[in-house]
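Below: the structure, in structure tokens.
The values are calculated or read from the model by the stated rules, or taken from the named source; none is laboratory data. Quick caveat: nothing in here was measured; it's all calculated off a predicted structure. Here the Cβ positions follow ideal geometry from the backbone for every residue, glycine too, while neighbour counts run over all protein chains shown.
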Amino acid sequence: MIFRIPTDRINWTTSSFLIGTFVLTLTAVPLYLWYFGIDWFYFAVFGVMLAVTGFSVTLGYHRLFSHMTFRAVLPVRLFTLIFGAGAFENSVLMWASEHRRHHKHVDHDEDPYDISKGFFHAHIGWLLFKLQPQPPFDNVNDLKKDPLIMWQHRHIHIIAVLVSLGLPTLLGALWDGWTGALGGFLIGGVAKVVVLQHGTFLINSACHTIGRQPYSTRCSARDSFLLALFTFGEGYHNYHHEFQHDYRNGVKPWEWDPTKWLIWILSKLRLASGLRRVPAETISSAQTRVRHLRSDGGFQDAQ
């Protein structure tokens, strides 16, 4: 059979955005740097915006709203909703719905980014093509009761554009006029979105393909220190799938998980509370079960 792209299933808006921003990052950003030179200011904007938006996704979208691993005061919730929108990963309502469905049906057909359908599908294909049938929107009734979340959901696109593209463009303009505005838009805006999004996508794809499984072999999720370095600590995915209601992904004190450290700091500042932790005995028991499986020859880590 001749390969044919199912054009009737293409999500044209999402596909155009994902491909367009990726192409701009690979072409327009280098051209800008070559023509106007390297200015530390734009990379500072890139770094700050990447951190603020990234933590808003990992701390807010993921661990606070999707898994309810802790509680946060209103300013923290509002901050993560506003800057999390800047990742262009949709509203927290839709993000959490898809993510909860992923955990419930991991590695099965109902999993939106099911790795068994291939690395490309899990990484980005599920966004480029419409899922059939469209999954129901029935697992976030708790979030629908939150007026802040519903406000963000109604205005997600305008918030995303203003925060993620408008803010760095404005900062660039204040720094160096129209050339600064262009630099802020391309580096602090577009390139930041691409880097952040593909970090998230790698959790859905690479963290279900490469790494270790020290806590569970019940699904494809794996721990990867390397991916944790680039995803604000989200790379300890095997632990997360086994104990999804723990506010920590890197459970060991030395494991790189800046999101858990930030949550802990917020708790000390009385901006977060109710941090949920899995008992050490439960974690140890899970590791023991996996070691027994390995010794019996029933399991092997992917290298």
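Descriptive notes on the structure:
Matching residues to (1) modelled with pLDDT under 95; (2) over 19 Å from S15 (Cα atoms); (3) of a type outside the set (A, V, I, L, M); (4) touching a strand residue (DSSP E or B) at 6+ places or on another chain (Cβ under 7 Å):
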residue: F65; (1), (2), (3), (4): no, yes, yes, no
residue: S91; (1), (2), (3), (4): no, no, yes, no
residue: D109; (1), (2), (3), (4): yes, yes, yes, no
residue: H121; (1), (2), (3), (4): yes, no, yes, no
residue: W126; (1), (2), (3), (4): yes, no, yes, no
residue: Q132; (1), (2), (3), (4): yes, no, yes, no
residue: I156; (1), (2), (3), (4): no, no, no, no
residue: L165; (1), (2), (3), (4): no, no, no, no
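- There is at least one residue in the range 3-22 that is surrounded by fewer than 14 Cβ atoms within 10 Å (Cβ to Cβ), touching a residue at least 24 places away in the same chain (Cβ under 8 Å) and in contact with a strand residue (DSSP E or B) (Cβ under 7 Å, 6 or more places away or on another chain).
- Any helices (runs of 4 or more DSSP H) falling wholly within the range 197-303 and containing at least 1 residues that are acidic (D, E), over 15 Å from T69 (Cα atoms) and without any contact (Cβ under 8 Å) to a residue 12 or more places away in the chain: 280-295
- Residue in the range 96-103 that is modelled with pLDDT under 95 and among the basic types (K, R) present: no
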